[in-house]
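Before any comments, here is the structure.
The values are calculated or read from the model by the stated rules, or taken from the named source; none is laboratory data. Note that the structure is predicted; figures quoted are calculated from it, not measured. All Cβ positions, even for glycine, are placed from backbone atoms using ideal geometry, and neighbour counts span all protein chains on display. Just the protein is used for accessible areas: all its heavy atoms, side chains included, with ligands, DNA and RNA removed. Shrake-Rupley method; radii C 1.70, N 1.55, O 1.52, S 1.80 Å.
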Amino acid sequence: MKLSVLNLAPLREGQDFKSAMDDVVILAQETERLGYERYWIAEHHNSKTIASSATQLLIQHTLAQTSSIRVGSGGVMLPNHSPYLISEQYGTLETLYPNRIDLGLGRAPGTDQQTARAIRRTNNLYPHFEEDILELQGYFKGTQAVQAYPAAGLDVPMYILGSSTDSAHLAAKLGLPYVFAAHFAPRMLTEAVSIYRREFQPSDKLSAPYVILCANVIMADTDNEANRLATSQTMSFAGIVTNRAEPLQAPKNSDEEIWSAILPSSEVPHFGPVGFSAQPNLDRIQQVVRQMTAVSLIGNKATVAQQLHSLKKEVHFDELMANSYIFDQKAQAYSYQLLSELVTKDR
């Protein structure tokens, strides 16, 4: 099974944007050394705690300071962009860094509705996702009425990102790899992957279904230490649910310390394709956070091996893409090392 990395480029407490961007490169270099297949950077807007708003620039910056790992978008939120400009940008990246570019494509805005209107310059936020993908493919194939250089004739692999059954149907129809966002929206995971595999139509890009599963992974030498490190993840998701997003926080001793400090918010948050109602009480906040983080592999190598085995029994995936909300950079790099050692041992 291949291993890859998803990085949302979070700011850690006390960091500025430059430091967070430096961390993106440092982790890419470390996971490249460990043999990870690909390194994807997410697109988010209007967030003071995430440094990945200009995703293409961060991808180029990362490519320039690595040598072999594939680097790509996790993903380009295509309705925010002109397919023509995306083809020019990623065609340029492919020209500069051949055979190292991945183009993950999503339909969500990666932000709230007001910001989406500012990005798209329209009140019509309905995404024409399939049409945009077909247009984008046409620029790389050189079959459109106008040409996009240097994209025309280049082969940049495209992936459909999703957290629902809609994207599963589309990825199957187009014969493209499917990437499921179980790291924050796992509810439809098994149904979506089943639909994708059942309906898959081979294409000139892919002869058989290929599923990448995004999951949260936090590993350490002991279960206790991994669970302690995972409290930073709990705080991050609690901030999303209560609309009180903060930089990634240093870990607490336990989740109980987090819940005792949380008061419900009357504001309604929005994160990517997931909208929330105002949460009336702490129990509801805890429930939503646990639902969002249900696909999290947390523990030492033996524990995560069992969790991974159970996950594979539940859903058939070909590649694991690990997202890691760990505050300490060295502990984060060590977590990726332990995951690499675990999967390499099982091969």
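Side notes on the structure shown:
- Fully extended contour minus Cα-Cα distance, from ALA208 to GLU256, at 0.36 nm per residue: 12.8 nm
- Exposure ranking of ILE101, ILE262 by accessible area [1.4 Å probe, largest first]: ILE262, ILE101
- Computing FRET efficiency as 1/(1 + (r/R0)^6) for GLU131 and ASP155, where r is the C-beta to C-beta distance and R0 is 25 Å, gives about 0.70.
- For VAL217, solvent-accessible area (1.4 Å; no DNA, RNA or ligand), Å²: 0 Å²
- As a calculated quantity, the FRET efficiency between LYS173 and ASN99 at R0 = 30 Å, using C-beta atoms, amounts to about 0.65.
- Label-point separation in nm, ASP166 to ASP221, each point 7 Å along Cα→Cβ: 4.8 nm
- Legend: residue pairs LYS48/LYS313; LYS252/LYS301; LYS173/LYS312; LYS18/LYS345, Cα-Cα distance threshold 29 Å; pairs beyond threshold, LYS48/LYS313; LYS18/LYS345.
- Rounded to the nearest 20 debye, dipole of the chain from Cβ charges on Lys, Arg, Asp, Glu: 280 debye
- The chain - Rg and Dmax from Cα coordinates, angstrom: 19.4, 60
- Electrostatic tally near THR49: other residues with Cβ closer than 11 Å to its Cβ, Lys and Arg +1, Asp and Glu -1, net +1.
- Cβ-based charge dipole, the chain, positive-most Cα from ALA220, THR344, ILE258: THR344
- One Cα centroid belongs to the stretch 5-70, the other to the stretch 308-347; the line between them spans 18 Å.
- Theoretical gain in end-to-end length, GLN147 to PHE17 [0.36 nm per residue, Cα-Cα removed]: 43.2 nm
- In plain terms, the chain from GLU88 to SER310 could stretch by 75.7 nm, reckoned as 0.36 nm per residue minus the Cα-Cα distance.
- Rounded to the nearest 500, the 222 nm mean residue ellipticity of the chain from helices alone is -13500 deg cm²/dmol, with -39,500 (n - 2.57) taken per DSSP H run of at least 4 residues.
- Derived scalar couplings between HN and Hα for the stretch 177-194 equal x, 10, 10, 9, 8, 6, 6, 8, 9, x, 4, 9, 3, 5, 5, 5, 5, 4 Hz in order, rounded to whole Hz, by the Karplus curve 6.51 cos²θ - 1.76 cosθ + 1.60 (θ = phi - 60°), x for Gly and Pro.
- From phi via Karplus (6.51, -1.76, 1.60), per-residue ³J(HN,Hα) for the stretch 298-315 in Hz, x at Gly/Pro: 10, x, 7, 4, 5, 5, 5, 4, 5, 5, 5, 4, 5, 5, 5, 5, 7, 9
- Label-point gap, in nm, between LYS330 and ALA294 - each point 7 angstrom along Cα→Cβ: 3.8 nm
- Net charge of neighbours whose Cβ lies under 10 Å from the Cβ of HIS128, counting Lys and Arg as +1 and Asp and Glu as -1: -3
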